[in-house]
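Only one structure is covered here, and it is reproduced in the block below.
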Amino acid sequence: MENTAELEKKFQERIDHGEVIEPKDWMPERYRKQLIRMMSQHAHSEIVGMLPEGNWITRAPSLRRKVVLLAKVQDEAGHGLYIYSGTETLGVSREEIVGELLSGKAKYSSIFNYPTLTWADMGAIGWLVDGAAIVNQTALAKCSYGPYARAMVRICKEENFHHKQGYEILATLMRGNEAQKNMAQDAVNRWWWPSVMMLGPSDKDSPNTAELMRWRVKLHTNDELRQRFIDRSVPQAENIGIKIPDDKLKLNPETKHYDFGEVNWEEFWNVVKGNGPCNRERMKARRDADERGKWVREAAEAHREKKEKKIAA
Ligand code: FAQ
C-alpha cells in the first residue's frame, strides 16, 4: 500500500508528463476540492450569465436577432449543465453545488452583476464577455482534468459563435446613424473594464494561481490572459471605429503588447463581495427559480422511486 506522499509524487509526475487525469484516478484531496470550487463557480457563471441577456430576448430589434439571442442564451444553459455534470464526476451532488450558490457560499463571475441597459449591451457582452471567456476557456480546454477539458472543447466552439454575433451587432450599429453609434460606444464604455476584470485579480493578489498552475488546471496566470484579451480586442475595436475607454492604451513597440491603464480593483472586490449593481437581483432570480422548480424535482424523484419499485418487484 503506497502512502499519500508517494501517491502525490506519482500524481505530480503524471501531470508533468502532460497526462490527463480521469475521475476514477487517484488525485490529491486538495486537487479535487480546487476543481470542485472552480468548475462549480464556472457552471454557476453560465447559469447566472443567462440573466442579463435573457432580459433582452423579448426586446430584440428583429426576428433574426431574437432567434440568435435565444440560441445563445440556450447554449449558456447547456454549458452550465455540462460543467455541472463534469463537477459531479468529482463526487459532489448537483444539490450540494447549487445549494452553495444559493446560500452565497460559492461565487459566480463578477461580470454578470452589471445591468444591460440598451440593445447594444448584447453586442458588448458577445464581443467582450464572450471574448474574455474564450481566451480563458481555450486554455482550460488543455487542462489536466479530462471531463473539464473535454467540456471546454465544445463550449469554446459555441463561444466563438457568441463572440461573432456580438461583434456583428456592434459593427452593424457602428454603420448606422449617430444615435446608433453612440449607443454602441456607450455600451463598450460600460462593459470594457468589467470585462478586463473578469479574468480575475492581478497575479500578486491571486492565491489560487500558483497551485492550479502546478497541477496544470490553469495554464496561464490571470494577468497573462488579461493581456491576451486586450491584445486581441484592440484591433477589433479599431476595425469598426469603436474607441476603447482607456487613455493609457498604447502598443508597446518593445513588448509588442498593449500597455493599458490602472484597473479599478476596489470596484472588482466590491462586486465579488456582493455589492455590485445587480448582485441582489441576480441572486433573487436564482433563488426564485429554485423555489419555482421544486415541484418538478419532487415529481421527477417520485417517478424515479415508483419506477425502481416496479423493477424490483
Ligand atoms: N468573479 O485566486 P484567484 C462566461 C475569486 S463564463 C468573481 O485568481 P482562481 C461565459 C476567485 O473565485 C465566466 N470571483 O482564483 C458566458 C477566488 O475566490 P474563492 C466564468 C472571482 O480560481 C459569457 C478569489 O477571487 N469563467 O463568461 C473572479 O485561480 C457570456 C481569488 O482569485 C470561469 O469561471 C471573478 N471574475 O482564478 C456566459 C472560468 N475572479 O473561489 C454568459 C473558470 C476571481 O477562492 C454570457 N475559472 N474570483 O473564494 C477560472 O478560470 C478561474 O477560477 C478564474 C479565477 C480566472 C475566474
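Taking every pair of Cα atoms in the chain, average 1/r, invert it to obtain the Kirkwood radius, and report Rg/Rh to two decimals.
Rg/Rh: 1.00.
For the stretch 1-46, what is Rg from Cα atoms divided by 2.2 N^0.38 Å, rounded to two decimals? It would help to have the intermediate numbers written out before the result.
Values: Rg = 12.6 Å, N = 46, 2.2 N^0.38 = 9.4 Å.
That ratio works out to 1.34.
Size of the dipole of the chain about the Cα centre, Lys and Arg at +1 and Asp and Glu at -1 on the beta carbon, nothing else charged, in debye to 20?
Values: 49 positive and 46 negative charges, 196 e Å.
It works out to roughly 940 debye.
Let me spell out the model: positive unit charges on the Cβ of Lys and Arg, negative unit charges on the Cβ of Asp and Glu, origin at the Cα centre of the stretch 163-244. What dipole size does that give, in debye rounded to 20?
Charge dipole, the stretch 163-244, about its Cα centre: 160 debye, nearest 20.
Net charge near ASN3: determine it from the other residues with C-beta under 15 Å of the C-beta of ASN3, scoring Lys and Arg +1 and Asp and Glu -1.
So the environment of ASN3 carries a net charge of -2.
What number does the stretch 109-148 give for Rg over Rh if you use C-alpha atoms and the Kirkwood radius? Could you put the intermediate results ahead of the total?
Details: Rg = 13.2 Å, Rh = 11.7 Å.
That ratio is 1.13, to two decimals.
Rank-order 302-310, 208-216 by packing density, defined as the average count of other C-beta atoms within 10 Å over each peptide's residues, highest first.
The peptides rank, most packed first, as 208-216, 302-310.
Identify all aspartates and glutamates with a Cα-Cα distance to LYS284 below 17 Å; exclude those on the same chain that are fewer than 8 residues away in sequence.
Within reach: GLU46, GLU53, GLU100.
Tell me what the chain gives for mean residue ellipticity at 222 nm when only DSSP H runs of n ≥ 4 count, each as -39,500 (n - 2.57), the sum divided by the residue total, rounded to 500 deg cm²/dmol.
Roughly -21000 deg cm²/dmol at 222 nm, from the helical runs in the chain.
By a straight-distance test (C-alpha under 20 Å), which aspartates and glutamates pair with LYS24 as possible cross-link partners, with residues fewer than eight away in the same chain excluded?
Result set, ordered by chain and number: GLU2, GLU6, GLU8, GLU13, ASP16, GLU88.
Rank-order 248-261, 53-66, 166-179, 133-146 by packing density, defined as the average count of other C-beta atoms within 10 Å over each peptide's residues, highest first.
133-146, 166-179, 53-66, 248-261
Would you mind counting up the charge near TRP193? Only other residues with Cβ under 9 Å from its Cβ, with Lys and Arg at +1 and Asp and Glu at -1.
-1
Under a point-charge model restricted to the Cβ atoms of Lys and Arg (+1) and Asp and Glu (-1), what is the dipole moment magnitude of the stretch 1-124 relative to its Cα centre, in debye to the nearest 20? Please report the intermediate quantities before stating the final value.
Values: 16 positive and 18 negative charges, 133 e Å.
Magnitude of the dipole: close to 640 debye.
For the ranges 222-230, 194-202, what's the packing order if you count other beta-carbon atoms within 10 Å of each residue, average per peptide, and put the highest first?
In decreasing order of mean packing, 222-230, 194-202 become 194-202, 222-230.
If you look for lysine pairs in the stretch 81-235 that are eight or more places apart or on different chains, how many of them have Cα atoms under 30 Å apart?
Lysine pairs meeting the criterion: 17.
Please name whichever of ASN160, ASN208, MET198 sits farthest to the positive end of the charge dipole of the chain, dipole taken about the Cα centre and charges placed at Cβ: Lys and Arg +1, Asp and Glu -1.
ASN160
Read-outs throughout are calculated quantities, based only on the coordinates presented, and are distinct from any laboratory measurement. From a predicted model like this one, the values you see are computed outputs, not experimental measurements. Positions of Cβ are backbone-derived with ideal geometry, glycine not excepted, and every protein chain shown enters the neighbour counts.
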